[in-house]
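Reviewing the structure listed below.
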Amino acid sequence: MSVERASSLAAEVASGRRTARRVLEEHLARISARDAELGAFNLVLADEARVRADAVDAAVAAGEPAGPLAGVPVALKDNLCTRGVLTTCSSRMLQHWRPPYDATVVQRLRAAGAVIVGKTNLDEFAMGSSTENSAFGPTRNPHDVSRVPGGSSGGSAAAVAAGFAPLALGSDTGGSIRQPAALCGVVGLKPTYGRVSRYGLVAFASSLDQIGPIAANVTDAAVCFEAIAGHDPLDSTSLDAAVEPVTSGLRRGVDGLRVGLLAELCGDSARVKQAGLQSAGLAGVAPDVIDRLDAAADALEAAGATVGVVSAPSVVLGLSAYYLIAPAEASSNLARYDGVRYGQRVDAADAAEMNTESRTAGFGAEVKRRIMLGTYALSAGYYDAYYGKALRVRTLMLREFAAAYADVDVLLCPTAPTTAFELGAKTADPLLMYLNDVCTIPSNLTGHPAVSVPFGTGDDGLPVGVQLMGPALSEPLLMRTAAVLEDAAPAMAPAPAGVAE
Ligand code: GLN
């Protein structure tokens, strides 16, 4: 199966050479052939998508401008609000909830001509790294169905890898766009905090959450980013700054660019050892992943970049800080699910008992764990010791990254410590599961952008992703560096198709 470029597909639809309806039917056929096995979608919106695709075709026929994503099927993570359409967060709590409004990103995608094909599975309320925390069952990795797709945007990453949609949106609080993109062999971009409106994204940890694209290639991710980025008065944390064009400079290359391997996340890399900084490195990144990373560094060097090694010691504290800040914010954000205003209610003798019963029945184990951890971290007597300390780590990290970016333009490190693991391998041990996020969390804490690009396969033949991080608003630079890596990456077999093509 070949995944078509969203941008060329849109050009064909806009010129009338191919209809949006036909493009949609091809993708719907792939979904019917294989999604029963993969479980990428919570909901496929076939009828709504057909109406929309026909409207795109009618606009093209009438000579109206069709948009950069004309007729491109897009899958939405099921924590993005769609007006009148179920938005469940893969939680029993919201399993019947239909939002009365569309997320800003959904409106922007439609304005760009996209066709929403469905809502994708996730870890409940985006809490997890494997999509096994979904109340509706796990999603499986299209490259090997015994493996997880990563998470929490596992449904979106699997949908793109399986060719169900050329593009998907995910949300990334601690890595949930980039880690599943890496494990499924696709591209995932977490934009700068505030660059993409969070209006209509069901909140997990509001100071970390950011929406971004998952795509089969760097160009498509860039096109999608341009369609959804930009100021939105409906999100008070939205940045009121012009969006620098990304696609127009994508092929400018990396000649003269200064790249830094982040020692703390690449301890076993030959370059880090040579620099004498391996002791800074966190244990746990698999040798085959480090090997691919070194090859990616070589590729950037061959393309004209200089590659050095940079240290940011607070990175080793990132995981601990994140697992205080994110649950603290989640415990506050999820207080709204009280059995009255949203979702599921279990009736009981009085209001307090109704509240407890509703939350007990509505939330899964991981969500309850986070609410308890977060409530504890914020409670009187512990606030300074836990939450306050985590905030200080965050400030320290911002300073260290600012210093690093005085010496280098972008940082390079793995996206995830391993390739996709077996379903069930980490479900019994939450700490083991949290370790998946060690490489992705720093850019959520700093609010900086980061992108995961496929770079070959591990010893098990499964995709490896490498991660590029940059300072705030460096998306154009990150994406053009990602384009160089994409061109240099060893060929990877696509995921098997469910239909003969
Ligand atoms: N895996 C991380 C967590 O469970 C990140 C989740 C996310 O980015 N939404 O918190």
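The values are calculated or read from the model by the stated rules, or taken from the named source; none is laboratory data. Nothing here was measured: the structure is a model prediction, and the numbers come from that model. All Cβ positions, even for glycine, are placed from backbone atoms using ideal geometry, and neighbour counts span all protein chains on display.
Of everything in region 281-331 that's touching a strand residue (DSSP E or B) at 6+ places or on another chain (Cβ under 9 Å) and of a type in the set (D, E, K, R), which residue is nearest to Pro454 (Cα to Cα)?
Selected residue: Arg292.
Determine whether Cys184 is within 16 Å of the ligand (Cβ to nearest atom), under 27 Å from Phe41 (Cβ atoms) and either modelled with pLDDT under 95 or buried (at least 24 other Cβ atoms within 10 Å of the Cβ) (or both). In short, yes. Restricting the first member to region 30-55 and to residues that are on the phi > 0 side of the Ramachandran plot and crowded, with 21+ Cβ neighbours inside 10 Å, and the second to residues that are of a type in the set (A, V, I, L, M) and at pLDDT 95 or above, the beta-carbon pairs closer than 9 Å and six or more apart or on different chains are Gly39/Ala158. Which of the residues spanning region 129-166 are in contact with a Leu (Cβ under 8 Å, 6 or more places away or on another chain), under 23 Å from Leu431 (Cβ atoms) and within 14 Å of the ligand (Cβ to nearest atom)? The answer is Ser130, Thr131, Glu132, Ser134, Val148, Pro149, Gly150, Gly151, Ser152, Ser153, Gly154. Applying the set (1) farther than 30 Å from Glu37 by Cα; (2) within 16 Å of the ligand (Cβ to nearest atom); (3) surrounded by fewer than 24 Cβ atoms within 10 Å (Cβ to Cβ) to Phe421 leaves exactly one unmet item: (1). Glu329 meets each of the listed conditions (1) touching a helix residue (DSSP H, G or I) at 6+ places or on another chain (Cβ under 6 Å); (2) of a type outside the set (Val, Ile, Thr); (3) within 16 Å of the ligand (Cβ to nearest atom) apart from (1). For region 368-422, give me the residue count where each residue is of a type in the set (Lys, Arg) and over 24 Å from the mean Cα position of the chain (by Cα). Looking only at that region, the number is 3.
If I filter region 427-435 for residues that are out of contact with any Leu (no Cβ under 6 Å at 6 or more places or on another chain), within 20 Å of Asp291 (Cβ to Cβ) and modelled with pLDDT of 95 or more, do I get at least one hit? Within region 427-435, not a single residue is out of contact with any Leu (no Cβ under 6 Å at 6 or more places or on another chain), within 20 Å of Asp291 (Cβ to Cβ) and modelled with pLDDT of 95 or more.
Here is the figure for region 131-178: residues that are outside any loop (DSSP other than H, G, I, E, B) and surrounded by fewer than 24 Cβ atoms within 10 Å (Cβ to Cβ) total 2.
So, restricting to helices (runs of 4 or more DSSP H) that lie completely within region 317-415, which ones have at least 3 residues that are within 19 Å of Asp437 (Cβ to Cβ)?
On the way: elements: 318-333, 351-362, 365-378, 389-407.
In region 317-415, the matching helices (runs of 4 or more DSSP H) lie at 318-333, 365-378, 389-407.
Of the residues in region 123-130, not one is touching a helix residue (DSSP H, G or I) at 6+ places or on another chain (Cβ under 9 Å), closer than 30 Å to Ala53 by Cβ, modelled with pLDDT of 95 or more and part of a loop (DSSP other than H, G, I, E, B). Restricting attention to region 332-370, the residues being within 16 Å of the ligand (Cβ to nearest atom) and surrounded by fewer than 22 Cβ atoms within 10 Å (Cβ to Cβ) number 7. Consider Thr440 carefully, then state whether it is away from the ligand (no atom under 16 Å from the Cβ), among the polar types (S, T, N, Q) and buried (at least 24 other Cβ atoms within 10 Å of the Cβ). For Thr440, the condition - away from the ligand (no atom under 16 Å from the Cβ), among the polar types (S, T, N, Q) and buried (at least 24 other Cβ atoms within 10 Å of the Cβ) - is not met. Scoring Gly16 on the criteria (1) touching a residue at least 24 places away in the same chain (Cβ under 8 Å); (2) part of a helix (DSSP H, G or I); (3) surrounded by fewer than 16 Cβ atoms within 10 Å (Cβ to Cβ) leaves a single failure, condition (2).
Restricting attention to region 104-128, the residues that are within 13 Å of the chain's Cα centre (by Cα) and within 13 Å of the ligand (Cβ to nearest atom) add up to 5. Among the numbered conditions (1) over 23 Å from Gln95 (Cα atoms); (2) in contact (Cβ under 8 Å) with a residue 12 or more places away in the chain; (3) not in a strand (DSSP E or B), the only one that Val307 does not meet is (3).
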